[in-house]
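*Asks:* Please see the structure below; I have some questions.
The values are calculated or read from the model by the stated rules, or taken from the named source; none is laboratory data. Please read all numbers here as calculations on a predicted model, not as lab measurements. Here the Cβ positions follow ideal geometry from the backbone for every residue, glycine too, while neighbour counts run over all protein chains shown. Calculation scope for accessible area: heavy atoms of the full protein, side chains included, ligands and nucleic acids excluded. Shrake-Rupley method; radii C 1.70, N 1.55, O 1.52, S 1.80 Å.
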Amino acid sequence: MLKLFIGNKNYSSWSMRPWVLLTQAGIPFEEVKVRFDSFDADSSFKKTMLAASPTGKVPLLVDGELAVWDTLAIAEYVAELFPDKHLWPAHKAARARARSICAEMHSGFTALRGNCPMNIEAQLPQVGALIWRDKPAVRADVQRLADMWGGLLNEHGGPLLFGGFTIADAYFAPVCMRLKTYALPLPTAIAAYVDRVCALPGVQAWITQALAEKDFLDFEEPYRIKP
């Protein structure tokens, strides 16, 4: 069975992508959660992950003797391993577009990711309002998302970006969490897509388990007093 190493579900956006992908696709796997204590070289987290992966980071997919790190590499490996799951769109052009937007997410949207770290348990509309007012780069990132998602939903007819569930929807699930947590303004059609992603059984399972963690990490939450 596949083994997936992840971090705290409340905070680890990178871990969420492959976990949601596997869960929503009905692919069995063993979860290995490695708690974030810190990311210093002598931390328990870093020691545990360096023993399993040369990067010392999550997520990490292990299949027998093979270790696959990086979310894009994991997604591609799983898609090849389970072609019957149709994790990429069937049409060649749509597959290329899906890979393009996943790669863009992988390397871009740095203002949104940097200013709005994922925190599923928190509700931070006031923080979001200040970010929206003061951070034009965040507004630009959200506009890019709205343009991208809106175009794909119109082209493929929804309910998800390429019609049915694909890697692209799993890849943007953590972004949907950020948009919810910080209550960033969205066009009606885009907000509806965010709601549909959040309602996916695989995403709901992640959210439920994230809320059950009750593990406040102050280094992940410089803007919030411990509840």
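*Asks:* Any idea which residue in region 165-186 is nearest to the chain's Cα centre (by Cα), counting only those that are more than 22 Å from Cys102 (Cβ to Cβ) and open to solvent by 30 Å² or more (accessible area, probe 1.4 Å)?
*Replies:* Here the residue is Ala183.
*Asks:* Can you find, within region 11-28, the residue that is nearest to Thr181 (Cα to Cα) among those that are open to solvent by 10 Å² or more (accessible area, probe 1.4 Å) and assigned to a loop (DSSP other than H, G, I, E, B)?
*Replies:* The residue in question is Tyr11.
*Asks:* Being under 19 Å from the mean Cα position of the chain (by Cα) and open to solvent by 40 Å² or more (accessible area, probe 1.4 Å) is the filter here; which residues of region 29-54 pass it?
*Replies:* Those that are under 19 Å from the mean Cα position of the chain (by Cα) and open to solvent by 40 Å² or more (accessible area, probe 1.4 Å): Phe29, Glu30, Glu31, Lys33, Arg35.
*Asks:* I need the full set of residues from region 125-156 which are open to solvent by 20 Å² or more (accessible area, probe 1.4 Å), under 19 Å from the mean Cα position of the chain (by Cα) and closer than 25 Å to Leu217 by Cα, in order please.
*Replies:* None - no residue of region 125-156 is open to solvent by 20 Å² or more (accessible area, probe 1.4 Å), under 19 Å from the mean Cα position of the chain (by Cα) and closer than 25 Å to Leu217 by Cα, so the list stays empty.
*Asks:* Within the set of pairs 6+ apart or on separate chains, which have a first residue in region 39-55 that is in contact (Cβ under 8 Å) with a residue 24 or more places away in the chain, a second that is open to solvent by 90 Å² or more (accessible area, probe 1.4 Å) and part of a loop (DSSP other than H, G, I, E, B), and C-beta atoms under 9 Å apart?
*Replies:* Close Cβ pairs (under 9 Å, with a partner that is open to solvent by 90 Å² or more (accessible area, probe 1.4 Å) and part of a loop (DSSP other than H, G, I, E, B)) amount to Phe45/Arg35; Phe45/Phe39; Met49/Lys57.
*Asks:* May I ask you to say which residue of Ala98, Ala122, Ala90 is surrounded by 14 or more Cβ atoms within 10 Å (Cβ to Cβ) and either at pLDDT 95 or above or among the hydroxyl-bearing types (Ser, Thr, Tyr) (or both)?
*Replies:* Just a single option satisfies the conditions, and that option is Ala98.
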